[in-house]
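Notes for the one structure printed next.
The values are calculated or read from the model by the stated rules, or taken from the named source; none is laboratory data. The structure displayed is predicted, hence computed values, not measured ones. In this analysis, Cβ positions are derived from the backbone assuming ideal geometry, glycine residues included, and neighbour counts consider all displayed protein chains. To get the accessible areas, we keep the full protein, side chains included, count just its heavy atoms, and leave off ligands, DNA and RNA. Shrake-Rupley method; radii C 1.70, N 1.55, O 1.52, S 1.80 Å.
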Amino acid sequence: MQEPNKLKPFFENLNFERDDNTMVINFGPQHPSAHGQLRLVLELDGEKVVKAYPDIGYLHRGVEKMAENMIYNEFLPTTDRLDYIASTSNNYAFALSVERLIGLEVPRRAQVIRTMLLELNRIMSHLFFLATHALDVGAMSVFLYAFREREFAMDLVEDYCGARLTHSAVRIGGVPLDLPAGWLEQLSTYIDKLPEQIKLYEDLLTENRIWKMRLEDVGVVTPEDALSWGCTGVLLRGSGIQYDVRKEEPYELYGELDFDIPVSDRNDSYGRYRLYMEEMKESVKILRQLIPMHRKTEPQIMAHNPKYISAPKEEIMTQNYALMQHFVLVTQGMRPPKGTVYAPTESPKGELGFFIRSEGEPYAYRLKIRAPSFFHTGILQHILPGTYLADVVAIIGNTNIVFGEVDR
Amino acid sequence: MRKYTPKDNVQGKAKYTDRFWVAPRVPRESVEEESHFAAVYQAMNEAVEVLDAYVELGQLVIHIRPEENIAALEVLKNTCDYAMCSELSAIDYLAQDGEFEVFYQMLNLKKAKRTRLLTRIQEGQAIESIVPLYAMANFAEREMYDMFGITVNNHPYLKRIIMPEDWVGYPLRKTYPLQGDEHAAWYEVDKIFGKEHRDVIGPENRDPGRIDRYDSQRFSRVGYEVPFGAEHGESETEQPIEYSKQILVNYTTGSEVLDTRK
């Protein structure tokens, strides 16, 4: 029995040493394959998990509270810190919900750039998933190869916005910059090289005996469970339900682009791994279609709406009214109309949406982040019992959870 | 008399308010005939009392009574094919009406339509758990309880999820300040040493730019070799390291003299 004292308070009434044959262990919060700060309390019968209890909150920073105390433009860089593997998708989801709230039309060039960045982020996130998942399962070399390709994608994003992880590359109403000279050529080189690399990873893993043994029929999520537990993204499509927000409720340019939504009815980790690989190929396909679209657009990159959006820099420096507007928007912030918006987007992890209740003030009255990883952590308590301890690592890696997003 | 400041909403406020400013509202459209939303509205109206229904930014919004949340969600799930509940949480309107607004954001995957159920509960009033219908509520309702203190009846495991179990206060309420309250500031001290140690330790200085000149643990002292953790005054013998106590540029007099040692 534990003996509580002031330095070691009684630990949540968990009886670690038990009289029956089961044993309770703490998996995390500092476990390298917990992918962040996940504390998983597992009740084990031998090697088998009898009960799992995910304990989260170790990375809680009160992002939703901060949103209630900031103007909308101030909050945008904070969204970087949610899913820090693919920051632009968070920036974009927030910008999209504010744009829907104020009814803003984004210029086409900004749409092209945003869609490019979103897909580039998807590739970065999926490569990161593959690398860390393979590392968890024991395929060390895949980690090195996948991180090499991810570096090139991060270089591209760095060339665009100057940051590698916390991009803030999207603004409410458009994008801050046009693409630098030569960027599209570099992007096309990258997406020409990437499919060869994906094929290399697939050659290493897809038919690999150990990889298949570790993933096949591990972490089974039935379609009913996936719906009930609010799984989205690859976890939902890996259970045979073809739902992708990009296809079903198109935003940006996804309505005009030609791409497929891969779906697998295997319900297990192996099927989901295959989906991640297919999705990267689809992202390459989308990027290839986007490159010629950039040239055909007008150079405007920020929406023109003096009530909510600052004018371009040249206008601010030359025209009095634009300067006044800019001053008011920076010091006081925009005041969106009263109302509620929930704008779903397909982030690399699943359905990411910002629920915003505005009361006509420069600060959001309530901002709720619908983070896919939060619900993918929740389902762990349902799918882990009955699996072996060694599979727990594979399943956590396969759900692709990021704790910036879970704890917010 | 000093100005009375209400404490029921301590969140950030607009620094400038125009008293003639009337905030516009996002247009609310009535439910169109023959549409998918009309069918949902019809089915809901038969099962529960619909207080208000409109379409806002392409999503159907239905206001219901809090006691009927299970009945309404059963209709949505079984009759209208809303297989997924995307999100559920609350909004604090305690300062205005003494109420919380609880929302359920629903998704119909087959038709790609979204509906939002809204219901208002009094402070202290409990709401029925929707875990039997949507298991995602297991985590979401725990978060709602954690952040707002809304009790959820018949939840399988209603416990704080993000904040520690012994946390005092509900962080997303409007009465809770952004920097945290007194309990938050003393949380670790109270837990490890006990409340009586607050005086011993003294208030924490959260100014990141604060420098204690005689702190020998984090800063070195220019010109002195001071042992780690030494008290002020001990072993402050001057070392032969060249440094100047002289002000290099005196901005008050505007002198142009730089380092006189050169």
- Phi-based couplings in Hz for the range A:89-96 (Karplus 6.51, -1.76, 1.60; Gly and Pro marked x): 5, 6, 3, 5, 4, 5, 4, 4
- Note on the structure: For chain A, the longest principal axis of the Cα atoms and the Cα long axis of helix A:140-161 enclose an angle in degrees, to the nearest 10, of 20 degrees
- Once phi for every residue in the range A:343-358 is put through the Karplus expression 6.51 cos²θ - 1.76 cosθ + 1.60 (θ = phi - 60°), the whole-Hz ³J(HN,Hα) values, with Gly and Pro written as x, are 10, x, 9, 9, 7, x, 8, x, 7, 10, x, 10, 9, 10, 10, 10
- Message: Please list, ordered by chain and number, the residues whose modelled amide H lies under 5 Å from the amide H of A:Gly233; skip anything fewer than 5 residues away on the same chain.
- Response: A:Glu351
- Taking a probe of 1.4 Å, how large is the accessible area per residue of the range A:277-408, in Å²? 34 Å²
- Query: In the range A:113-184, what trypsin sites (Lys or Arg not before Pro) fall in a loop by DSSP, with at most 15 other Cβ atoms inside 10 Å?
  - Reply: A:Arg164
- Message: As an exercise, take the mean of 1/r over every pair of distinct alpha carbons in the range A:303-394, invert it, and state the Kirkwood radius in angstroms.
- Response: 16.9 Å
- Task: Mind listing, in residue-number order, the residues in the range B:5-29 that have at least 20 Å² less accessible area with every protein chain present than in their own chain alone (1.4 Å probe)?
- Result: B:Gln11, B:Gly12, B:Ala14, B:Lys15, B:Tyr16, B:Trp21, B:Ala23, B:Pro24, B:Arg25, B:Val26
- Residues whose modelled amide H sits under 5 Å from the amide H of B:Glu99, counting only those 5 or more places away in sequence or on another chain, are B:Tyr93, B:Leu94
- Task: For the B and A pair, go ahead and give the buried accessible area with a 1.4 Å probe, both sides summed, in Å² to 100.
- Result: 5100 Å²
- Beyond 15 Å, what share of the Cα-Cα pairs of the range A:145-237 remains, rounded to the nearest whole percent? 74 percent
- Message: Using square roots of five times the C-alpha gyration tensor eigenvalues, list the equivalent-ellipsoid semi-axes of the range A:215-331 in whole Å, biggest first.
- Response: 44, 19, 11
- Report, ordered by chain and residue number, the lysines lying within cross-link reach of B:Lys110, taken as a straight Cα distance under 30 Å and ignoring same-chain residues fewer than 8 apart. A:Lys247, A:Lys281, A:Lys285, A:Lys349, A:Lys368, B:Lys77
- Accessible carbon and sulfur surface of the protein assembly as shown relative to its total accessible area, %, 1.4 Å: 52 percent
- Which value results when the Cα radius of gyration for chain A is divided by 2.2 N^0.38 Å? 1.05
- Amide H partners (placed H, <5 Å) of A:Gly28, local residues excluded: A:Leu40
- Query: Loop-only check: which trypsin sites (Lys or Arg not before Pro) in the range B:1-59 are DSSP coil with at most 13 other Cβ within 10 angstrom?
  - Reply: B:Arg2, B:Lys3, B:Lys7, B:Lys13, B:Lys15, B:Arg19
- Kindly give Rg over Rh for the range B:15-136, based on alpha-carbon atoms, with the Kirkwood expression for the hydrodynamic radius. 1.01
- Karplus-derived 3J(HN,Hα) from phi for the range A:67-84 (6.51 cos²θ - 1.76 cosθ + 1.60, θ = phi - 60°), whole Hz, x at Gly and Pro, runs 5, 7, 10, 9, 6, 4, 5, 5, 6, 4, x, 5, 5, 3, 7, 7, 9, 6
